[in-house]
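Working notes for the structure below.
The values are calculated or read from the model by the stated rules, or taken from the named source; none is laboratory data. Since the model is a prediction, treat every value here as computed from it, not as a measurement. Cβ placement follows ideal geometry from the backbone for every residue including glycine, while neighbour counts extend to all protein chains displayed. In case anyone asks, the SASA skips ligands and DNA or RNA and just uses the protein heavy atoms, side chains included. Shrake-Rupley method; radii C 1.70, N 1.55, O 1.52, S 1.80 Å.
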Amino acid sequence: HQNIFPRWGINAYFKTAAAPFEHENLGRLYAYRLGIITPGLFKNHGFMTRICYQNQEVDRYYYSNAFTLPRGYASSYRSNYYKALFNDYSFPIAYPDFNLSWLVYLKRIRLNLFADFAENTKMSYVVDKNNKVIGKIYPKNVYSSTGTDVLFDLNLLRSTFPITTGARISYNKNGTVTWNSFFSIHFN
């Protein structure tokens, strides 16, 4: 119950998307992900690595990305070719078992350290002076970020569903610092 990740684990994900009668507009999307979970340095610590790859054969319109960009970047980016590496090291800070009557029960405070890396190419059209498309180019972009999440595992209003809430600070290679907040309910 105190482990944040399982002691050992592996997961795989595959996605493909195609529009059989609209291939000239939408093309195809292929995406793969492999996740590996190993024990951390100390008891109840865990390390998770996710390796992702996505390829879109596109002419006019993009499918949504199968994976997000590294934390700290906007997630609405669409690309033809995309590979990424996401690393998380999670560990508990405290188990306060704090109970405030029927309002809230705080089970655990935990920290997640992360380092993300991704590179992709996004197709762009080359146009002549008459605005006629004469070709395509595929410039390469590299993204990386590091940061930390402070997360609180709790139950609200005597609910049996665990809730995770917290905050994230991330620093990306452009020198931008981003703050985010979280709130999720786990229905298991």
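Show which lysines lie in cross-link reach of Lys43 when reach means a straight Cα distance below 23 angstrom and same-chain residues fewer than eight apart are skipped.
Counting by Cα, and skipping residues close in sequence, Lys43 has these lysines nearby: Lys107.
Modelled label-to-label distance, Lys83 and Ile51, 7 Å Cα→beta-carbon offset: nm?
0.9
To the nearest 10 square angstrom, how much accessible area does Thr165 have with a 1.4 angstrom probe?
Ignoring ligands and nucleic acids, Thr165 comes out at about 40 Å².
In deg cm²/dmol and to the nearest 500, what is the mean residue ellipticity at 222 nm of the chain if only DSSP H runs of at least 4 residues count, each as -39500 (n - 2.57), divided by the residue total? List each step's numbers first, then the result.
Values: 1 runs with 4 residues, N = 188.
Per the formula, -500 deg cm²/dmol.
Label points 7 Å out from Cα along the Cβ direction at Trp8 and Ile137: separation in nm?
Placing both labels 7 Å beyond Cα along the Cβ direction yields 5.0 nm.
How big is the accessible area of Trp102 in square angstrom, nearest 10, if you roll a 1.4 angstrom probe over the protein chains?
Around 130 Å² of this residue is reachable by solvent.
Among 65-71, 124-130, how do they line up by average Cβ neighbours within 10 Å per residue, starting with the highest? Write out the running numbers ahead of the final one.
Numbers: 65-71: 20.3, 124-130: 9.1.
My ranking of the peptides, most packed first, is 65-71, 124-130.
What FRET efficiency would be calculated for the residue pair Leu100, Ser64, taking the C-beta separation as r and a Förster radius of 35 Å, to the nearest 0.05? All intermediate terms of the calculation are to be shown ahead of the outcome.
Numbers: r = 41 Å, r/R0 = 1.16.
My answer for the efficiency is 0.30.
Would you mind putting 35-43, 5-13, 151-159 in packing order, based on average other-beta-carbon counts within 10 Å, highest first? Can you show the working numbers first?
On the way: 35-43: 13.6, 5-13: 11.8, 151-159: 15.3.
In descending order of packing, they fall as 151-159, 35-43, 5-13.
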